[in-house]
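Read through the structure below, which is laid out as structure tokens, and then see the notes.
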Amino acid sequence: MNDDLNEIFQELNIKNVDELFSDIPEQIRTSSLGLQNGMGEDEIRRIAAQYASMNRTVNQLHSFLGFGIYNHFVPAAVANILNRNEFITSYTPYQAETSQGIMQALFEYQSLLSELLQMDAVNSSMYDASTALGEAARMVVNITGKDEFLIPQFMHHYKRAVIENYARGAGIRLKVVKFDQNGMIDLNDLKASITERTSGVYVEYPNMFGIIDTNVPKVRNIIGDERMLVIGVNPISLGVLAPPGKFDADIAIGEGQVLGLGLNFGGPLLGVFGAKEKYIRKMPGKLMGITKDHNGRMAFAMILQTREQHIRREKAITNMTSNQALMAVGSAVYLSLLGDSGLRKIGEINMGRTKELMDMVEEFGISIPYSKSPVFNEFLIRINASKSFINRITKKLNLVPGYILGKEYGFFDRNQVNMVVNVTERTTDEDFNAFREFLSEVA
Amino acid sequence: MYHQAVFDEPIILDVKGKRTLKLPHENDDLKVSVPPVMKRERTNLGDREEFEVIRHFVRLSEMNFGVDLGFYPLGSCTMKYNPKINDEIASLDGFRFIHPLQDEQDVQGALKLLYELSEMLKKITGMAEITLQPLAGAEGEFTGLSIVSAYFKCLGELDKRREVVVPDSAHGSNPASSHMAGFEVVEIPSNPDGTVNLEKFKEAVTERTAAFMITNPNTLGIFEDKIVEMANYAHSKGALLYYDGANLNGIMTKTTPAKMGFDIVHLNLHKTFSTPHGGGGPGAGPVGVVEKLKDFLPYPIVTHDGKYHNSYIPPKTIGKVASFYGNFAVLVRAWTYIKMMGEEGLREACETAVLNSNYMRSQMEKFMTVPGKKIKKHEFVASSVGPGMPKAGDIAKHLIDNGVHAPTIYFPLIVPEALMIEPTESATKEEMDRFVEIVKEATKLPPESFEKEPVNLKVTRIDDVDASKNPRPTYKVMKEQLAMQQQSF
């Protein structure tokens, strides 16, 4: 026993550390949990490397898989800042004066996203787009006092599953609005779906099929000012696509993973959440604000904390405590690096390369069901073949051609494959060649 | 003497220059046509060089305190050291560059890791099954309480079981999560020592109770030794018992939530299992349940039959609480930690954390009230009351001014001028002694001397009233307000 430990034992007047656990009744003590022995750093490094090698990465495949989570370029500078010890090993900045660094970084995230979305306020992060949508529905129902919330017929199944869970707890009735023949929100069905109890509606662009839904700008007129409009966007598209603020969104949400955060098997992600200024006190999530210290220096503080659980307890707007702060910082670094010109450029590359692949698909006479509708970086294709036939070909080509829509989306035909295909700036010419071979075999 | 780095760093939007980062296909000649109504011409993000961006954010990071800079005894947050190997492993290409919708045969390594982590957490908690999906502790609570709701709905009892009982010393997220899952909250007053008042407990727990929610050790660091009696009583009324795992570090390997009689457990991997908290997140809040609740867990659950599968949907599942498998990169770090520690390592971590906490308690109680019985677990609460004693908030500022992070203050709400101190196992005796000395020094300072503190940090005290009265959540709002003020002069 070293001297320090000796002194601690003497101070506590104990001989054995077990004495400090004497308050745990005998009957509930455990002698062994049956966990394995520990191991050294180099040993775990070897084991982990072996596990990692059992995965086939998107770099080892020709991957056209997107569907809400995208294989975008991650600049080295983003990873570098995310590994800064001072950021990564800090807790939520409850002591503002010693945490100004991360608070300014989060304030910058809020400011950058606010510009991008053209929304007055953006919180300092939600967990992911799915939970951001769940919280948006709760917020809309709280503000309007009405209990119905409209969602689109086609949206990512995982997003749907999460909002259903949030809705159940809050007693919200979800109602589905159909899509029209262009793969966009059906405005007539929207009109018909609205009742006295309708609190608001969720629409998105690009939507699940990658379509830039040109009906979204008309939604406000249909629902009126007394109902709230929640718009979902892909933040990386907003260098070339109009921001949700332009279409009078009350709340805008999105998946921030695209902003330089990588895939990571789907987590951590970044829930983007913005709202109009008049709703700022009803908004979930932590907010950084700019102010001054007592000497008049620029300073940052967590603002409107009276909305939060540690003060309001069961009356809090949300139970959220931890969020995805570090991911928000990462996306602030990303947006700073790309800037206005880079964001526009990356939008053009995604759209332009996607168009090239669509042209290729059409050359082979493969059906693109909504071929007249504009898309961002994803599109639906329909192949008259069985899934197992497709799988045999793709395996041979080392290709993941997209996300196959199943019965959860109402696609039951066993001799037809409906697939959402994604292209990003990381999609290479070799990937295109593999896709061409695929098309030639299924055409 | 401690001095934090100080830079007069502008807001990044005011750093302007030329973009140096090149994108893939940057120079391709591409045709793009956006429908006019959906078209955007420009943003106000501005352009700048990569080296300017790096300098900016590195400078910001230097104005931020973290575990890697010094002692961080923030109560209830378990700010233990985050081993660097965790980060290295999470950044392996084989983990970073995989897509959550890839075919299961292409992600066997990731599924194996998730499966093993679940198995290890089952052993640590004694629960029958685990979901790794919840993205933070509070989301774990929401998940657990959604399971409570689904369970009673299935039994046909949900209409009468509308209440969740929590002690008034509970974390604020407990009542907030209960409300989100659709329950009413019944708060019961604690004994003066912070433990559950058994009489009040028995009055509150009835046939209307869906769940009793508690953390043990409680927020005063005291082990609730009547826990088995409480569990039996709650079960006799048909209620479920929920374990808030925020304080698991104080009992890890010594007992399990299952042994104490709990039915549902959430863990905070960013506390007990050493994953970095990233200035607020990402965390991870896995939830474990006993046998009879297994069928209600979120889907998918990773299963194993020689190969690993991601398609199992529990028959009565509540659905999903996150888009995919949870915060995977956080889960990788926790897996690394538990594998390296092994059972002996976890036991030693718990014992050292409890030893450190009791040592600090023993030093602190020489000059400050420490409510509750003597033996504490991983943390304790000191109460800065009595003639001439400084406010908890002032002590906190004195501490951060001396390069030590402050404890959690003004929590739990039942202790006046509370300082909630959790040294964790990652503290030397020298650091703990220094902390005590700084607090002792604060008790001898005249009250007005605190007004000027802190002086060694980027800023001194912040005008919180102004910050919330005139909320400026973006740089644009700030500039607009400034412009308006200048006009009126």
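Among the residues of the stretch B:214-233, the ones that are surrounded by 24 or more Cβ atoms within 10 Å (Cβ to Cβ) and in contact with a Ser or Thr (Cβ under 7 Å, 6 or more places away or on another chain) come to 5 in all. Among residues belonging to the stretch A:328-369 that are free of Cβ contacts under 8 Å to residues at least 60 places away in the same chain and in contact with a Ser or Thr (Cβ under 8 Å, 6 or more places away or on another chain), point out the one that is surrounded by the fewest Cβ atoms within 10 Å (Cβ to Cβ). Per the criteria, the residue is A:GLU362. Screening the candidates B:LEU155, B:LEU198, B:LEU145 for the property of being within 12 Å of chain A (Cβ to nearest Cβ), of a type in the set (A, V, I, L, M) and over 20 Å from B:VAL370 (Cα atoms) yields one hit, B:LEU145.
Counting only residues that are facing chain B (nearest Cβ under 7 Å) and in contact with a Ser or Thr (Cβ under 9 Å, 6 or more places away or on another chain), how many does the stretch A:99-110 have? Spell out the reasoning first.
Within the stretch A:99-110, the first condition is being facing chain B (nearest Cβ under 7 Å), and the residues that meet it are A:99-102, A:104-105, A:108, A:110.
Still in the running and in contact with a Ser or Thr (Cβ under 9 Å, 6 or more places away or on another chain): A:99, A:101-102, A:105, A:108, A:110.
Qualifying residue count for the region: 6.
Scanning the stretch B:139-178 for residues that are part of a helix (DSSP H, G or I) and more than 22 Å from B:SER76 (Cα to Cα) gives B:SER146, B:ILE147, B:VAL148, B:SER149, B:ALA150, B:TYR151, B:PHE152, B:LYS153, B:CYS154, B:LEU155.
So, A:ARG312, is that one surrounded by fewer than 23 Cβ atoms within 10 Å (Cβ to Cβ) and more than 9 Å from chain B (Cβ to nearest Cβ) or not? Lay out the reasoning, then the answer.
Working: surrounded by fewer than 23 Cβ atoms within 10 Å (Cβ to Cβ): yes; more than 9 Å from chain B (Cβ to nearest Cβ): no.
Taking the combined requirement at face value, the residue does not satisfy it.
Does B:LEU445 satisfy being over 26 Å from B:ASN191 (Cβ atoms), hydrophobic (A, V, I, L, M, F, W, C) and surrounded by fewer than 22 Cβ atoms within 10 Å (Cβ to Cβ)? Please lay out each step first, then the result.
Numbers: over 26 Å from B:ASN191 (Cβ atoms): yes; hydrophobic (A, V, I, L, M, F, W, C): yes; surrounded by fewer than 22 Cβ atoms within 10 Å (Cβ to Cβ): yes.
Here the answer is yes, as B:LEU445 does meet what is asked.
Checked against the criterion of being within 7 Å of chain A (Cβ to nearest Cβ), under 30 Å from A:LEU399 (Cα atoms) and either assigned to a loop (DSSP other than H, G, I, E, B) or at pLDDT below 95 (or both), the stretch B:47-69 contains not a single residue that satisfies it. Filter the stretch A:422-433 for residues that are surrounded by 20 or more Cβ atoms within 10 Å (Cβ to Cβ) and touching a helix residue (DSSP H, G or I) at 6+ places or on another chain (Cβ under 7 Å) and give the result. Matches in the stretch A:422-433: A:VAL423, A:THR424, A:GLU425, A:THR427. Just one of the listed residues (A:GLY239, A:GLY200) is closer than 20 Å to B:GLU41 by Cβ and either touching a residue at least 12 places away in the same chain (Cβ under 8 Å) or crowded, with 23+ Cβ neighbours inside 10 Å (or both), and it is A:GLY239.
For (1) within 23 Å of the chain's Cα centre (by Cα); (2) modelled with pLDDT under 95; (3) over 26 Å from A:GLN324 (Cβ atoms); (4) assigned by TED's automatic domain parsing to the domain that holds B:PRO416, each residue gets a yes or a no:
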| position | (1), (2), (3), (4) |
| --- | --- |
| B:PRO298 | yes, no, no, no |
| B:LYS316 | no, no, yes, no |
| B:TYR325 | yes, no, no, no |
| B:HIS405 | yes, no, no, yes |
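Would you be able to say whether some residue in the stretch B:94-111 is under 30 Å from B:ASN218 (Cα atoms), of a type outside the set (Val, Ile, Thr) and within 9 Å of chain A (Cβ to nearest Cβ)? No, that holds for no residue.
Answer yes or no as to whether B:ALA136 is under 22 Å from the mean Cα position of the chain (by Cα) and either among the hydroxyl-bearing types (Ser, Thr, Tyr) or buried (at least 24 other Cβ atoms within 10 Å of the Cβ) (or both). Steps first, answer last, please.
Values: under 22 Å from the mean Cα position of the chain (by Cα): yes; either among the hydroxyl-bearing types (Ser, Thr, Tyr) or buried (at least 24 other Cβ atoms within 10 Å of the Cβ) (or both): yes.
Yes, satisfied.
I'd like the residue in the stretch B:373-400 that is more than 19 Å from B:SER426 (Cα to Cα) and either of a type in the set (Asp, Glu) or within 11 Å of chain A (Cβ to nearest Cβ) (or both) and, out of all such residues, is surrounded by the most Cβ atoms within 10 Å (Cβ to Cβ). Looking at residues that are more than 19 Å from B:SER426 (Cα to Cα) and either of a type in the set (Asp, Glu) or within 11 Å of chain A (Cβ to nearest Cβ) (or both), I get B:ALA396. Take the conditions part of a helix (DSSP H, G or I) and surrounded by fewer than 22 Cβ atoms within 10 Å (Cβ to Cβ) and apply them to A:ARG414. Does it pass? Answer is no for this residue. Here A:THR89 clears all of (1) within 27 Å of B:VAL404 (Cα to Cα); (2) of a type outside the set (Gly, Ala, Ser); (3) in contact with a helix residue (DSSP H, G or I) (Cβ under 9 Å, 6 or more places away or on another chain) except the condition numbered (3).
How many of the residues in the stretch B:120-132 are part of a loop (DSSP other than H, G, I, E, B) and more than 9 Å from every other protein chain (Cβ to nearest Cβ)? Write out each step before concluding.
First pass over the stretch B:120-132, keeping only residues part of a loop (DSSP other than H, G, I, E, B): B:126-128, B:132.
In the following step, the residues that additionally are more than 9 Å from every other protein chain (Cβ to nearest Cβ) were identified as B:127-128, B:132.
The number of residues fulfilling the criteria is 3.
Filtered by the rule that a residue be within 9 Å of chain A (Cβ to nearest Cβ) and of a type in the set (S, T, N, Q), the stretch B:256-309 gives B:THR256, B:ASN268.
When we screen A:PHE376, A:PHE411, A:PHE364, A:PHE435 for residues that are in contact with a Pro (Cβ under 7 Å, 6 or more places away or on another chain) and away from every other protein chain (no Cβ under 14 Å), the only hit is A:PHE435.
Given the residues B:ALA322, B:ALA353, which is the only one that is in contact with a helix residue (DSSP H, G or I) (Cβ under 6 Å, 6 or more places away or on another chain), of a type outside the set (Val, Ile, Thr) and crowded, with 23+ Cβ neighbours inside 10 Å? Step by step, each of B:ALA322, B:ALA353 is checked, and only B:ALA353 is in contact with a helix residue (DSSP H, G or I) (Cβ under 6 Å, 6 or more places away or on another chain), of a type outside the set (Val, Ile, Thr) and crowded, with 23+ Cβ neighbours inside 10 Å.
Under the condition of being small (Gly, Ala, Ser), within 19 Å of B:GLY280 (Cβ to Cβ) and either more than 9 Å from chain B (Cβ to nearest Cβ) or in a helix (DSSP H, G or I) (or both), the residues counted in the stretch A:111-151 number 4. Going by what's in this entry, would A:LYS175 be described as surrounded by fewer than 24 Cβ atoms within 10 Å (Cβ to Cβ) and of a type in the set (Lys, Arg)? Judged against the criteria, A:LYS175 is a match. Looking across the stretch A:295-307 at every residue that is surrounded by fewer than 20 Cβ atoms within 10 Å (Cβ to Cβ) and out of contact with any strand residue (DSSP E or B) (no Cβ under 8 Å at 6 or more places or on another chain), the one that is farthest from the other protein chains (Cβ to nearest Cβ) is identified as A:GLY296. Among the residues of the stretch A:270-294, those identified as more than 9 Å from chain B (Cβ to nearest Cβ) and either among the basic types (Lys, Arg) or in contact with a His (Cβ under 9 Å, 6 or more places away or on another chain) (or both) are A:LYS276, A:LYS278, A:LYS282.
The values are calculated or read from the model by the stated rules, or taken from the named source; none is laboratory data. Note that the coordinates shown come from a computational prediction; the quantities given were computed from them, not determined experimentally. Counting neighbours? That spans all protein chains shown, and the Cβs are built from the backbone with ideal geometry, glycine included.
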